[in-house]
Amino acid sequence: MREKMGRERAQTLVEFALTLPIFLLILFGLIEFGFLFQAWLTVQNSVQAGTRFAVTGRGYADPTVDAWDQNRLQLIKDQVRNAGRSLRIDDSASPLQPGYFNVKIHASNLPEPTPGAEYPGGPNDRVAVDVTFNHELMTPIFHSIVPWIRLRAHSEMINERFRHPGYGTPPGELPPTIEPTPVRWYIAGYVYTTEGAPIGGVTISGLPDAPVTDSSGYYFAQVDDGWSGVVMPQLAPYVFNPITRTYSNVSADRPGQDYTGY
């Protein structure tokens, strides 16, 4: 009888030893997913908070003094950063390190044709905010496999008419006639290696002004409403996937037009 009970206890211990790692793996997976989901929600909320702040025009400067509205641009970025303060942001991190946090702000019209330049937009312009954050995994078992996961968020709205049509017009003079703003859309994305490293200096031929990717692998171009064309990234000795992208009668913004370089 004692021998039988001893065998049953031994069997129970073996079964427990076999199921414990699986149970811990599921438990740590649920915890890690909770952290990841919270970070994703925070990134989404931060980009929306920044866009809502941008459309109000708060902090805008006289365009004759600061045509690019740099003060307002920084205020928008501060708003995004403040909304994402619960994230584990590392200001010294590179695009391939955990904690990297980056905000890009673009508008449908620029003071002058400068491809890829950041600008919060004037009244009635479309403003777009993009946020990139590298979320570091917390549990050692998952961190050893994938140290971090890149989270992205995008939001865009139409700016309010925060400047009066007669802004800057001397007293007694009628404001100039405002011509309707032509409709323009943007095409933007990132270029990375297969390992996820950004590739700078890639010429995106086929787009207006042939934009070149910056150090974070980002490119940005504006096209007229109804624009069509074939776009091809070029930088020796890389081969890119997809090789080309064909656009026909563009009638909306096209973010996320990424390429992978081999």
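Within segment 80-100, not a single residue is basic (Lys, Arg), surrounded by 11 or more Cβ atoms within 10 Å (Cβ to Cβ), modelled with pLDDT under 90 and not in a helix (DSSP H, G or I).
On inspection, residue 66 does not qualify as over 29 Å from residue 182 (Cβ atoms), surrounded by fewer than 18 Cβ atoms within 10 Å (Cβ to Cβ) and free of Cβ contacts under 8 Å to residues at least 60 places away in the same chain. Name the residue that is surrounded by the most Cβ atoms within 10 Å (Cβ to Cβ), counting only residues in segment 45-63 that are modelled with pLDDT of 90 or more and over 15 Å from residue 127 (Cβ atoms). So, considering only residues that are modelled with pLDDT of 90 or more and over 15 Å from residue 127 (Cβ atoms), the one surrounded by the most Cβ atoms within 10 Å (Cβ to Cβ) is 46.
Among the residues here, residue 166 does not qualify as at pLDDT 90 or above, in a loop (DSSP other than H, G, I, E, B) and farther than 21 Å from residue 250 by Cβ.
Summed over segment 101-122, residues that are outside any loop (DSSP other than H, G, I, E, B) and polar (S, T, N, Q) total 1. Kindly list, by first and then second residue, each pair from a residue in segment 149-162 that is without any contact (Cβ under 8 Å) to a residue 60 or more places away in the chain to a residue that is surrounded by 19 or more Cβ atoms within 10 Å (Cβ to Cβ) and not polar (S, T, N, Q), limited to pairs with Cβ atoms under 8 Å and residues at least 6 apart or on different chains. Cβ pairs passing all conditions: 150/133; 150/135. Each residue in segment 112-148 was checked for being in contact (Cβ under 8 Å) with a residue 60 or more places away in the chain and of a type in the set (Asp, Glu), and 1 pass. For segment 101-129, filtered to residues that are at pLDDT below 90 and of a type in the set (S, T, N, Q), the residue that is surrounded by the most Cβ atoms within 10 Å (Cβ to Cβ) is 108.
The values are calculated or read from the model by the stated rules, or taken from the named source; none is laboratory data. Predicted model only: the values in this text are computed from it and were never measured. Heads up, the Cβs are rebuilt from the backbone with ideal geometry, glycines too, and the neighbour counts pull from every protein chain shown.
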